[in-house]
1. Which one of these does residue A:340 not meet: (1) touching a residue at least 12 places away in the same chain (Cβ under 8 Å); (2) among the aliphatic types (A, V, I, L, M); (3) open to solvent by 50 Å² or more (accessible area, probe 1.4 Å)?
2. Scan segment B:73-111 residue by residue and report those that are touching a residue at least 40 places away in the same chain (Cβ under 8 Å) and among the aromatic types (Phe, Trp, Tyr).
3. Can you confirm whether residue B:155 is crowded, with 24+ Cβ neighbours inside 10 Å and either closer than 16 Å to residue B:113 by Cα or of a type in the set (Val, Ile, Thr) (or both)?
4. Taking residue B:7, is it assigned to a loop (DSSP other than H, G, I, E, B), open to solvent by 50 Å² or more (accessible area, probe 1.4 Å) and at pLDDT below 90?
5. Evaluate the following for residue B:367: is it out of contact with any helix residue (DSSP H, G or I) (no Cβ under 7 Å at 6 or more places or on another chain) and either open to solvent by 20 Å² or more (accessible area, probe 1.4 Å) or modelled with pLDDT under 95 (or both)?
6. Report yes if some residue within segment A:334-341 is farther than 30 Å from residue A:388 by Cβ, β-branched (Val, Ile, Thr) and away from chain B (no Cβ under 14 Å); otherwise report no.
7. Can residue B:274 be described as under 22 Å from residue B:225 (Cα atoms), touching a residue at least 40 places away in the same chain (Cβ under 8 Å) and either open to solvent by 20 Å² or more (accessible area, probe 1.4 Å) or facing chain A (nearest Cβ under 8 Å) (or both)?
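The values are calculated or read from the model by the stated rules, or taken from the named source; none is laboratory data. The structure displayed is predicted, hence computed values, not measured ones. Here the Cβ positions follow ideal geometry from the backbone for every residue, glycine too, while neighbour counts run over all protein chains shown. Surface areas here come from the heavy atoms of the whole protein model, side chains and all, with no ligands, DNA or RNA. Shrake-Rupley method; radii C 1.70, N 1.55, O 1.52, S 1.80 Å.
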2 protein chains.
Amino acid sequence: MAAEQDPEGRAAARPLLTDLYQATMALGYWRAGRARDAAEFELFFRRCPFGGAFALAAGLRDCVRFLRAFRLRDADVQFLASVLPPDTDPAFFEHLRSLDCSEVTVRALPEGSLAFPGVPLLQVSGPLLVVQLLETPLLCLVSYASLVATNAARLRLIAGPEKRLLEMGLRRAQGPDGGLTASTYSYLGGFDSSSNVLAGQLRGVPVAGTLAHSFVTSFSGSEVPPDPMLAPAAGEGPGVDLAAKAQVWLEHVCAHLGLGVQEPHPGERAAFVAYALAFPQAFQGLLDSYSVRRSGLPNFLAVALALGELGYRAVGVRLDSGDLLQQAQEIRKVFRAAAAQFQVPWLESVPIAVSNNIDEEALARLAQEGSEVNVIGIGTSVVTCPQQPSLGCVYKLVAVGGQPRMKLTEDPEKQTLPGSKAAFRLRGSDGSLLMDVLQLAEEPAPQAGQELRVWPPGAQEPCTVRPAQLCEPLPSLAESRALVQLSLSQLSPEHRRLQSPAQYQVVLSERLQALVNSLHARASP
Amino acid sequence: MAAEQDPEGRAAARPLLTDLYQATMALGYWRAGRARDAAEFELFFRRCPFGGAFALAAGLRDCVRFLRAFRLRDADVQFLASVLPPDTDPAFFEHLRSLDCSEVTVRALPEGSLAFPGVPLLQVSGPLLVVQLLETPLLCLVSYASLVATNAARLRLIAGPEKRLLEMGLRRAQGPDGGLTASTYSYLGGFDSSSNVLAGQLRGVPVAGTLAHSFVTSFSGSEVPPDPMLAPAAGEGPGVDLAAKAQVWLEHVCAHLGLGVQEPHPGERAAFVAYALAFPQAFQGLLDSYSVRRSGLPNFLAVALALGELGYRAVGVRLDSGDLLQQAQEIRKVFRAAAAQFQVPWLESVPIAVSNNIDEEALARLAQEGSEVNVIGIGTSVVTCPQQPSLGCVYKLVAVGGQPRMKLTEDPEKQTLPGSKAAFRLRGSDGSLLMDVLQLAEEPAPQAGQELRVWPPGAQEPCTVRPAQLCEPLPSLAESRALVQLSLSQLSPEHRRLQSPAQYQVVLSERLQALVNSLHARASP
């Protein structure tokens, strides 16, 4: 893992990356003399995404980066002045110029930990005007990061621990920064690597990639490389003309496969030779530019065997069209037969990589028992989260000046839970998760082994539980990723199901339930 | 429209915002002595999004900005060196350092114009190594911009020309830059404004916004504003205590509505008064923090009538939960009755704004004949494009060194059309679109009034058409937006349908079809 360094990343989330109403409300608070009232907001979601029973909290590192740099520049304040009433008191703009987050406190679920409906991912407290201004950027930074991390974790659960998963969705991402976010947080969620170079440079995500069809089709076979010679891997002995050697091997391969030596496309072979000359230690063939069976595969074998003679081992093949599983099985058979025929045992286990609009269903098929697929590249399905492209996080005021606040509204589901709260994650004696309890911050923490009365949301009566423990600081991306694996292992099998009828319970403490009841009663005389 | 100025925007799309295989292929081309071969790529999509028969081309302005600034910095080259083979020739990295887009030519559909499957949105030609490196960033910049512009245009078609559409999806966007892109291109596609302040500052998109529930619920009613006085709109005469005046009006309003004067929430009223003190010329009430009928509406009327006495007119109300259409109809009735009762005619037509997860279906209901809704805020549905979150654009090599190139592959749909091409849009005598013709660049342009033989893709036989004209330069965002309106009006009613069984035709010229046939024959001996 390279260190995270991104001086320009701050440009992506700036103070003005916000909804105008945050600025108009800021003026409203200021005019009412309330800019510095102590306030607390909670950022949470109301339903787990994708029909599952879990989500992962993510994006905290981006939030911290944003909060540290938060400062309105002169140009920002001037722009706000241009869209607010012309007679606005200049002192308001002076106040905006003075703002930073030095008085803001953020408590958060650790990056990569499990998150459940209603349990705050972030609890943000500080002066009312500032914490209001933070709403939109924090939502923007947390929602998508958490969504894509959750999506990646689901794909990892489907793929099982052995398959290598490559995120390659940058070109399908919703904007450049969406791509960077997707690559970072799909790695967090359990992918092995990303095609996105910037994610490697700025976030330390391992990057991977070889060649595309354009490289293959750009060669006709009549090109003359300036230097066709390749030295042996051991570095001793004379170099050989790789294209000439591949041509010799092609005859053996075609005879072995029962193909005419004219059938494999000469341009494709020239492309493979060119790639092998540049990457003798990491040669990979993309097999489906013309015909896998009659062209891609024999050309790959010819070049791989020529390289093998010089002591190099090909590192893989890739398929990007057709029935990927079936082709992988056939290719593995060909590899095994050729390994035996030409006495090159390493050829048997050359990794087979596949890609082409792979979604959860297709992935399950590719990951089935006996599949010969080793590496799976996923783009659109991981980065755009097509099953549910938004997590729908909200950021709600829960207290001002120490007094609880609650939105009642016309939709019961959109009601909020009042008061500054603490959340505890209750575990059973085997360490597995039982439920999350939301309680008021001033309540004493639950104790292991002690019975606790709690209210499932909307219940008419409380129930009792007897739990067993709890929280952590801001770790590195790699540590957070390890936490994801740990977190997922703590879910019960039924909560790990990707379409889960049994939702993980988040319950209220008795006092929190009593506060809800009293605020309801006060608002409905 | 403010000028577009975004020095930091360049940070979003940088040369390393690309797939690693572009860099490995670059090394392959360079090693093969082909870095400077003349190449041409086409960027296009294969199917119109959302089940419709049209898409809009967008993102060109971001591409131009990216191409102008394209340059690998030392840190970029160093990072690439760290992920490429350690024995890579240093001259390759020198070559990378020298790259820019001065030899790259881009031909493009004008921003905002109609785009159809297979017709290039961009045609990019230049040195092979450079134009290969541009693939991922150009796809990233064009695909989502075009998708969201198309999505916005669909929503505009559903809403009709009268409703005001506000984009407010920043918090649901896939990453900060996704939010900026969404706000820019939903405006291009036909929205009236955005909540996204940064889109106003950097792209000149009109911004809008007033207040959220947190503002309302932050007030209990016991707060004492430092300055409760408001001067009359005309600027003459003494100021009045707005809260006291609203309290007087509340009694009249409650009597008129048959409500007890204790029912409306005092905190909500205090919030409205605070907002009105800050925005007397632009007072808007958010009605559903507690109860629309028993609290939000009477409190709004009390404050609006108090303001009215001072010569100010409220500019709107907003609803964010419940049955939006039905509530709008009821609120309009209350406005009409109150306007008559209190002899304030302007109250009748106070705009009603609504929001709350509005998708195409909900929008159609809100836009129906007789709807009293005036302003519609749409977030998730416009920015994340949940019906289809990716346009799936591709970037394919069509020629190298003047020679046509074609990918055949295992999926017929993934085959490409070879050769440097030109596209013509044929129109009927009434100006409506007939079809697009793709032909080889060297073919003479079709002539108005002359019969033309063309091949629908995959057809066994050509057909003939007799058309009537054609293209434009890079306009401003506002001009492009006007073009969108014009473009949509040229679609036939059946192609404008949002689920269109009748797809707009894109056909091949006779010579292009002949070239396809010959390359097929050559690859399948």
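1. Exception for residue A:340: condition (1).
2. B:79, B:92
3. Working: crowded, with 24+ Cβ neighbours inside 10 Å: yes; either closer than 16 Å to residue B:113 by Cα or of a type in the set (Val, Ile, Thr) (or both): no.
For residue B:155, the condition - crowded, with 24+ Cβ neighbours inside 10 Å and either closer than 16 Å to residue B:113 by Cα or of a type in the set (Val, Ile, Thr) (or both) - is not met.
4. yes
5. Answer is no for this residue.
6. To start, the set of residues in segment A:334-341 that are farther than 30 Å from residue A:388 by Cβ comprises A:334-341.
Keeping just the survivors that are β-branched (Val, Ile, Thr) gives A:334.
Narrowing further to those that are away from chain B (no Cβ under 14 Å): A:334.
So far as segment A:334-341 goes, yes, one or more of its residues are farther than 30 Å from residue A:388 by Cβ, β-branched (Val, Ile, Thr) and away from chain B (no Cβ under 14 Å).
7. In short, yes.
Here is a yes/no grid of residues against (1) of a type in the set (Gly, Ala, Ser); (2) within 8 Å of chain A (Cβ to nearest Cβ); (3) without any contact (Cβ under 8 Å) to a residue 60 or more places away in the chain:
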position	(1), (2), (3)
B:368	no, no, yes
B:393	no, yes, no
B:396	no, yes, no
B:402	yes, no, no
